[in-house]
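Take a look at the structure below.
Laboratory data are not the source of any read-out in this text; all were calculated from the coordinates shown. Predicted model only: the values in this text are computed from it and were never measured. Backbone-built Cβ (ideal geometry, glycine too); neighbour counts: all protein chains shown.
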Amino acid sequence: MSATLLHEQEQTTETDVPALMRRLGEEARAAALVLATTPPDRKTRALQSAAEILRRRDDEVLAANEQDMRAAEAKGLSSAMLDRLRLDRDRLEGIARGLQDVAALPDPIGATIAEWTRPNGLRISRVRVPLGVVGIIYESRPNVTADAGGLCLKAGNACILRGGSESFHSSRAIVSCLQEGLREARLPEACIQLVPTRDRAAVGAMLTLRGVIDVIVPRGGKSLIERVMNEARVPVIGHLEGLCHVYVDAAADPEKARRIVVNAKMRRTGICGAAETLLIDRAAADRLLAPLIADLIEAGCEVRGDEAAQGADPRVLPASDSDWITEYLDAVIAVRVVDGVAGAIEHINRYGSHHTESIVTEDEAAAERFFREIDSAIVLHNASTQFADGGEFGMGAEIGISTDKFHARGPVGAEQLTSYKYVVRGDGQVRP
């Protein structure tokens, strides 16, 4: 997006939005053609420069975020949503480091995924290529602006970012820094564009730009994901809600279990990797149920549970059927006693969103069964669900956790934002 578009006032009417979005798309396609043949060192330079510019312009970015925070507080957003929106110097430094981490990753474009030679002498290679233009629709968290822009650039894609209205000023300030980094690397500003209007019609327009946008990545709440899935005429990499579970097995180490459960729920309650349901093996309930519940309550978490959980602690509120399918994104957790690893697997596969699940156990056989039979993008053994993050996976950053089974699953980093083509080398062969 050009600097003029980025800084223009929000004077776009609903009838102008389709034209605006097509103009952004055309600029993005032109930029994608440049990026497809851009040497890795120039992309790296743009990312490193953007990180330093973010640090240099931190006061400007934090002032924009404060403007968003005041508006969000006036609207009465929940504490969890406010936490997702809030930036401070430490979080801003984390964003800058994330850009540097992405810059340091191997460039995926042109990498050979596989190669083989046929009996007729044809040499065939499968080689990574950019997707082209990626449209990213997300809510609240301004760090996604930098993560998405940086990862798309690393993967040779131009991107069009449509952030949530709550983070509009924060995202605009961050994109300005990213575009300054692009200019320093002599790359088009249109490599990373922010939709310059909060008009919701922009989302609808993005979803129908087939032939202009190559793929849509939605990141947000259930209503946003459902709208994208229902209306998109462009391929979608899905990011469904994070209805994550921790299962504590009878063979769990009690101290490990207590640390993992509290961290999985309470480290940051508003992220998609936060645990929403705690399952306890019935064989361990007498030993572990009461202390785990007490730890959560003392950490400030509301606990809703089945009869066994209520019997273990009078402070536990009764759980309803809806609690097993609720992504709270807040200091609330549902607790249920199940019949061993088989009961945990049945519950998770029935109620979960196929996002992230953890088993706490010293029984390797139980862990292996959990890994085999849980149908989720990420499964962990003796570790917090809060590790469901591209940065923690060594990807530098991520633009979401895909719960799809096609193209990309789990953290979507630079490598997952590529496609491939077949390169076939011959020496005069013709097909008989």
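Which of the listed residues, 110, 96, 63, is farthest toward the dipole's positive end in segment 53-124, when Lys, Arg count +1 and Asp, Glu count -1 at the beta-carbon?
110
Once the cut-off is 27 Å, how many percent of the Cα-Cα pairs in segment 244-387 end up in the long-distance tail?
Details: 762 of 10296 pairs.
Considering segment 244-387, 7 percent of its Cα-Cα pairs are separated by more than 27 Å.
Report, ordered by chain and residue number, the lysines lying within cross-link reach of residue 405, taken as a straight Cα distance under 22 Å and ignoring same-chain residues fewer than 8 apart.
222, 421
Considering all projection directions equally, how large on average is the shadow of the alpha-carbon convex hull of segment 125-186, in square nanometres?
On the way: hull surface 18.9 nm².
Taking the Cα atoms of segment 125-186, their convex hull projects to 4.7 nm² on average.
HN-Hα J couplings of segment 305-313 from phi, Karplus 6.51/-1.76/1.60, θ = phi - 60°, integer Hz, Gly and Pro as x?
x, 7, 4, 5, 5, 5, x, 7, 7
Place +1 on the Cβ of every Lys and Arg and -1 on the Cβ of every Asp and Glu in the chain, take the dipole about the Cα centre, and give the residue among 271, 160, 283 whose Cα lies farthest towards its positive end.
160
Taking the Cα centre of segment 244-387 as origin, sum charge times position over the Cβ atoms of Lys and Arg (+1) and Asp and Glu (-1), and report the length of that vector in debye to the nearest 20.
Working: 14 positive and 25 negative charges, 74 e Å.
For this selection, approximately 360 debye.
Excluding residue 148 itself, what net charge comes from residues whose Cβ is under 13 Å from its Cβ, given Lys and Arg +1 and Asp and Glu -1?
On the way: positive: 141, 154, 162, 219; negative: 139, 147, 398.
Within the 13 Å Cβ shell, the charges total +1.
Helix-only mean residue ellipticity at 222 nm, the chain, DSSP H runs n ≥ 4 weighted -39,500 (n - 2.57), per residue, nearest 500. What is it? Please list the in-between numbers first.
On the way: 15 runs with 183 residues, N = 432.
So the calculated ellipticity at 222 nm is -13000 deg cm²/dmol.
For a Förster distance of 35 Å, can you work out the FRET efficiency between the beta-carbons of residue 23 and residue 90, rounded to the nearest 0.05?
Details: r = 37 Å, r/R0 = 1.07.
Computed FRET efficiency for residue 23 and residue 90: 0.40.
For the chain, what is the percent of antiparallel DSSP beta bridges, rounded to the nearest 5? Numbers along the way, then the final one.
On the way: 15 of 54 bridges.
Counting only bridges with both partners in the chain, antiparallel ones make up about 30 percent.
Using the crude model of +1 on Lys and Arg Cβ and -1 on Asp and Glu Cβ, and no other charge, please compute the dipole size for the chain relative to its Cα centre, in debye to 20.
Details: 52 positive and 63 negative charges, 385 e Å.
So the dipole magnitude of the chain works out to roughly 1860 debye.
Could you estimate the translational diffusion coefficient of segment 95-228 from the Stokes-Einstein equation, with Rh from the Kirkwood formula over C-alpha pairs, at 25 °C and 0.890 mPa s, in whole µm²/s? Don't skip to the end; give the middle numbers.
Details: Rh = 16.3 Å.
Answer, rounded: 151 µm²/s.
Once you charge only the Cβ atoms, +1 for Lys and Arg and -1 for Asp and Glu, what is the size of the charge dipole of segment 305-352 about its Cα centre, to the nearest 20 debye? Write out the running numbers ahead of the final one.
On the way: 3 positive and 9 negative charges, 13 e Å.
Approximately 60 debye in magnitude.
Highest mean first, what order results for 83-95, 400-412 on Cβ atoms within 10 Å?
On the way: 83-95: 17.4, 400-412: 20.7.
Result, highest mean Cβ count within 10 Å first: 400-412, 83-95.
Starting from the Kirkwood radius over alpha-carbon pairs of segment 347-432, derive D by Stokes-Einstein at 4 °C in a medium of 1.567 mPa s and give it in µm² s⁻¹.
Details: Rh = 15.4 Å.
Once the numbers are plugged in, D ends up at 84 µm²/s.
Which label belongs to the value computed from this structure, given these candidates for semi-axes √(5λ) of the Cα gyration tensor in Å: (1) 40, 32, 21; (2) 52, 25, 22; (3) 39, 29, 19?
Answer label, from the structure shown: (3).
As I understand it, the value is the acute angle between the Cα axis of helix 143-154 and the longest principal axis of the Cα atoms of the chain; what does it come to in degrees, rounded to 10?
So the helix axis and the longest Cα principal axis differ by about 50 degrees.
Using the per-residue mean of other Cβ atoms lying within 10 Å as a proxy for protection, in what order, highest first, do the peptides 150-162, 65-77 fall?
Values: 150-162: 28.5, 65-77: 15.1.
By packing density, highest mean first, the sequence is 150-162, 65-77.
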